[in-house]
1. Simple spin-label model, 7 Å along Cα-to-Cβ: Thr50 to Leu22 in nm?
2. Would you mind ranking Arg52, Arg2 by Cβ crowding within 10 Å, fewest neighbours first?
Amino acid sequence: MRSLLIALGVVAVVLILLGLFLKAVKWLLIIGVIALLATIVLGIVKGRRTLR
């Protein structure tokens, strides 16, 4: 599960950077931010489950 979270995080960062470099493509930035938020939420949920 950790590798999936890391992969999602990397993809999110790459999409955000591509979106910033290619300012015309706003959808890449939006999708990257959504993916990054999803990765953070999944990481927090998994982290709390392992603590219990």
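Derivation of every value follows stated rules applied to the coordinates shown; laboratory data play no part. Source: prediction; values computed, not measured. Virtual Cβ from ideal backbone geometry, glycine too; neighbours counted across all protein chains shown.
1. Simple spin-label model gives 3.5 nm for this pair.
2. Arg52, Arg2
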